[in-house]
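Report on one structure; see the data block that follows.
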Amino acid sequence: MAVLFLGMNANAARIDMVDVSNNNGYMSTAEYVSMRNEFGVKALTVKISEGTTFKDGYAASNIANGQAAGLYVNGYHFAHYKTKAQAIAEADYAGQAAKAAGLPVGAVLATDVESAEEQGILSQATNDRNNAAFMKEIQKFGYRADIYTSGSWANNKMTIKGKTGWVAGYPYVMSGQKWYTNNNAWQWSGSAHFRISYGGFDVSQLYTDYYTAGQKSTVKPTNKDAVKANNQGANKNTSKPSSTAKWVKESKTYTLKTAVKLRTGASTSSSVTSILPAGTTVKTDHAIIQRGYRWVRQPRFNGYGYLATGPASNTLEYVKSGAYHTYYTVKSGDSWWAIAQRNGLSMYTLASQNGKTIYNAIYPGQRLVVR
């Protein structure tokens, strides 16, 4: 996976914005402080909800920790609507979820339009009608509206013009549209890495003040603040394996079958730092069997996290080995970008783990490794 460094634009008026979701796991204040102080990130967009049944479990902590780090904080909702009525229902669901998670009034709550429901099925006029209904309804909650989508969808499946829209444009110019200058925001990376954070992140550059004008960024953290957040943040964990416990070195990657509590130690009496949802990928370096469970240790930027993988019988009841794969069968109209987004990957990672690049064509019926 390519490592991309931020601060690539010499124009100081431009602001980089990172978007996060449950796919990124728990993000501490210290991680957001690092993004701001070391890489110049000033804005954050948090996944709030999806459809009318899913609320992102990390939304509240991402909003609070992002604000504590002095970032402008916005939100987005992953849309599944096919009708105007469904769009309004999803907006109501997203607005209520955003309020509960603490998204500040005046922030943007964008509709993320890229799901299979719209792909190759709905007309441009229908998408425009549905998106307009969602955006009108979301404003009733005190949030400002926008549309997030890909450059190809913006070209062919909906109307996005002028200084509106948050567009992921790969490559930079598509069908004559310069997405990196014509709209509110342009997503230029789907796999950026930061010094103290796991995994790749989507990073966008803001070309208007739409994602910052409705709120204030008042905290101005320094490197000293980063140290403080590192030592006192909600994700604090500096425990080491017990010298008397028989820890076994085990460098493995697991995918959770079910939600599992991440703790400060290898015991059910240890504090819970976060709950990792099903589907989360966890990299571990040690394992132990004690107190009725098989535990593994996850290295984190400021210490370790511990989680049970199953009972003391050494069976992996809660996880599946990273050696096993989940496959997706390509459908008509699919793209690297759309498949990657639905599975919490960057399109570069998706292509690479299938031995291809994003410039290789994919075909209906083809099986791709997504986990």
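Based on Cβ point charges of +1 for Lys and Arg and -1 for Asp and Glu, what charge dipole magnitude is obtained for the stretch 16-75 about its Cα centre, in debye rounded to the nearest 20? List each step's numbers first, then the result.
Working: 4 positive and 6 negative charges, 26 e Å.
In total the dipole reaches around 120 debye.
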*For the modelled label position 7 Å from the Cα of ARG291 along Cα-to-Cβ, which residues of the stretch 248-284 have backbone nitrogen atoms closer than 11 Å?*
263-272
*Report the far tail of the P(r) of the stretch 98-156, meaning the percent of Cα-Cα pairs longer than 20 Å.*
30 percent
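Just to confirm, what accessible area per residue do you get for the stretch 244-303 at 1.4 Å probe, in whole Å²?
49 Å²
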_Output wanted: per-residue J couplings in Hz (rounded whole) for the stretch 263-277, from phi through Karplus 6.51 cos²θ - 1.76 cosθ + 1.60, θ = phi - 60°, x for Gly and Pro._
10, 7, x, 7, 7, 5, 8, 6, 5, 8, 8, 6, 10, 7, x
*Distant-in-sequence amide H partners of VAL260 (H built 1.01 Å from N, under 5 Å)*: LEU276
*Taking the alpha-carbon set of the stretch 53-158, what are its Rg and Dmax in Å?*
13.9, 42
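The values are calculated or read from the model by the stated rules, or taken from the named source; none is laboratory data. What you see is a predicted model; the values in this text were computed from it and never measured. All Cβ positions, even for glycine, are placed from backbone atoms using ideal geometry, and neighbour counts span all protein chains on display. All accessible areas refer to the heavy atoms of the entire protein, side chains included, with ligands and DNA or RNA removed. Shrake-Rupley method; radii C 1.70, N 1.55, O 1.52, S 1.80 Å.
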